[in-house]
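The values are calculated or read from the model by the stated rules, or taken from the named source; none is laboratory data. These numbers come from a predicted model, not from an experiment. Cβ: placed from backbone, ideal geometry, glycine included. Neighbour counts: every protein chain shown. The protein model used for the area step is the full one, side chains on, heavy atoms only, and it has no ligands, DNA or RNA in it. Shrake-Rupley method; radii C 1.70, N 1.55, O 1.52, S 1.80 Å.
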Amino acid sequence: MALDKNDKTYKLLRAFINDQLERSQLEELFTLIEEIDEEQLHTAIHAILDEEHTPENLDFIQERVDLLQEDILAKIIPEQTRTSQRKLFNIRLAIGIAAMLAVVFTITHLWQRRENFPPEADHGIASTIMPGGNKATITVNGRDFELDANQGELMLGADSLFYADGQLLTTTGVQQSVQVKTPLGGQYQLTLADGSQVWLNAGSTLIYDTGFGTDNRALRLEGEAYFDVTKNPDLPFTVEINGQQVEVLGTAFNISAYTEEPMVKTTLQRGSLAVANNTQKLILKPNQQAILDKNEKKIATHDVNATSIVAWKDGIFDFHGMGVEECMRVIARWYQLDIVYKEKVPSVLLGGKMSRGVRLSTFLEFLEANFDIHGEVTADRKLIITANNR
Amino acid sequence: MREKTHFEEAKLLEEMKQDSIAAFNQLYRNYAPILYQRLLRLLKNPESVEEILQDVFLKIWNKREEIIPEKGFKAFIYRMADHMAIDLFRKIARDKALQLELWAASVSFYLHTEEHVFDKEKARIVQEAIQSLPPKRREILIQCKLEDKSYKEVAEMMGISVSTVSNQLVSAMKDIREYIVKNYREDYLISLIFIAILSF
């Protein structure tokens, strides 16, 4: 039986919802509520909330709703796109797509620069140099495991490791120390115990100790990785890089911290993030990058296109805005090469995108046709770079 | 007009069944603000409201295949949200500590209300609570709630993003709530007026 509108409980409830109840009456309300049954309470509250009401705090609500939408989508989208991303990471398929892309690329660029078309460039060795693939080693409590190149994604559970398709790699017991290492020419995708995802680029190492996901979410990184972090306000997610700490709650970002690079670059794609060293602490907004100069030990921020910087995790090189040296270091890590400059380093800004699944020869053609830079590979994997004279 | 809306909604539901995130987003934009408003009136606490809304919309997505548009989506989603909120409310009603928190939540959330209740003691408590906030958070609260600046203005003024402003506000309200619960547990306070407001 529904409550009468003149019933005391109903009246107090209504005053409470409309913020017209005095504190002294609150206790009375709670006592009365105990005396009515579940259904009566529900019916009364539905009815009161359905009454005409002037909207308040619209600004606040809209902002909160927008933020919440991101959280909700973050919980929905990984499940939706995981399969397609995994396929992209599957190197055999990637090579197929890449070959197609490469043809399109080459044709377009050659068409544009037909007059510069080099006479049947000698890419003999270069065409035998294959791109990197899904390669990594995981060391748990001192035991090493090679990861399956046909898989590409590893789930790190609290006491076991298994691939994304459910296949068990090993049980581990309590994990005292975990290290995942990709060689040059290797990459691997990881899902950590807290649900966060990590894409580990070539020549990189990710380390964590006891209690990750329960007592802490602290990682150490060398090299480059993209993180998509599950939100957990109670357990900040931190990444320690030589000389710098990054702290987030739930967000997506990329860190490039190779020892051979002069700068540590932290790029925020979504959410928010704090970067700190001993003297500075900066907060990044999406599409901002923090650059730590390792010599000066100073952090500066500037605006970037984050999509372009994180493209590698989806199997794409995006050379937009890169200088020759930086580009060559990226290539060297993926194709396992040493770079040698025959004369001085060509000073041009590069651009364009290329699949990470192509042979080295495709990259060299791309470089030659668009930027007048000539590359030649020796049998001992040295890539010799010369600028073409006009 | 109403029929057109109904028709569009049926179409969105159909698209969502085919895994369309765009359709889900549209449904979210249609319903989330109004449900937020509705649940906040009962629970007085943004964090509880957001937890419930997240559950509601995740359920909608996960059970998208079982939704029958003809049965009335609006009634369905309202009922689901109300149900979860009332469950929580009932839990609060049974627990003295939670009751005090509910009261504190109400104080912290209605800080900005224009009404002037000349309750000096309450004004003092709230002012004390505000003083206990970290400086930057306090500044954001004062600018948004008392100076009535828009979030965008405050964000630009302080060189932070709009979402940081809103997050800082929620944290400030939580801090105030905790401050009040911690410092004014005593019974004498229980006799203070419930609607909470600030006048200084």
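General observations
- Accessible area of B:T164 (1.4 Å probe, protein heavy atoms only, ligands and nucleic acids ignored): about 40 Å².
- If the chain linking A:E27 and A:Q179 were pulled fully straight, counting 0.36 nm for each residue of separation and taking away their Cα-Cα distance, it would gain 49.1 nm.
- All aspartates and glutamates inside 17 Å of B:K182 as judged from Cα atoms, apart from same-chain residues fewer than 8 positions distant: B:D95, B:E101, B:E121, B:E128
- For A:K342, solvent-accessible area (1.4 Å; no DNA, RNA or ligand), Å²: 140
- Take chain A with all the other protein chains still there, run a 1.4 Å probe, and you get 48 Å² of accessible area per residue.
- DSSP H segments from chain A that extend 15 Å or more along their own axis, Cα-based, with Kyte-Doolittle mean of -1.0 or above: A:23-35, A:38-50, A:58-89, A:91-112, A:324-335, A:360-371
- Surface composition of segment A:215-326: carbon plus sulfur atoms contribute 47% of the solvent-accessible area (1.4 Å probe, protein chains only, all chains present).
- With each label modelled as a point 7 angstrom along the Cα→C-beta vector, the A:D380-A:N278 pair spans 4.0 nm.
- Just checking the listed ones, A:L184, A:L58, A:L349: in the Gaussian network model of chain A with Cα springs under 10 Å, the one fluctuating most is A:L58.
- Remark: accessible surface ordering of A:T31, A:T267 (largest first) is A:T31, A:T267, probe radius 1.4 Å.
- Flagged links, alpha-carbon separation over 26 Å, of B:K11/B:K59; A:K75/A:K353; B:K71/B:K91; A:K285/B:K11; A:K285/B:K63: A:K75/A:K353; B:K71/B:K91; A:K285/B:K11; A:K285/B:K63
- Tensor-based shape of segment A:302-345 (alpha-carbon gyration tensor, a/c under 1.5 rounded, otherwise prolate or oblate): oblate
- Relative contact order of chain A, pairs being alpha-carbon contacts under 8 Å that are 6 or more residues apart, as %: 13
- Taking all protein chains together and rolling a 1.4 Å probe, B:D87 ends up with roughly 70 Å² accessible.
- Average partner coverage of B:35-42, which counts Cβ from other chains inside 10 Å: 5
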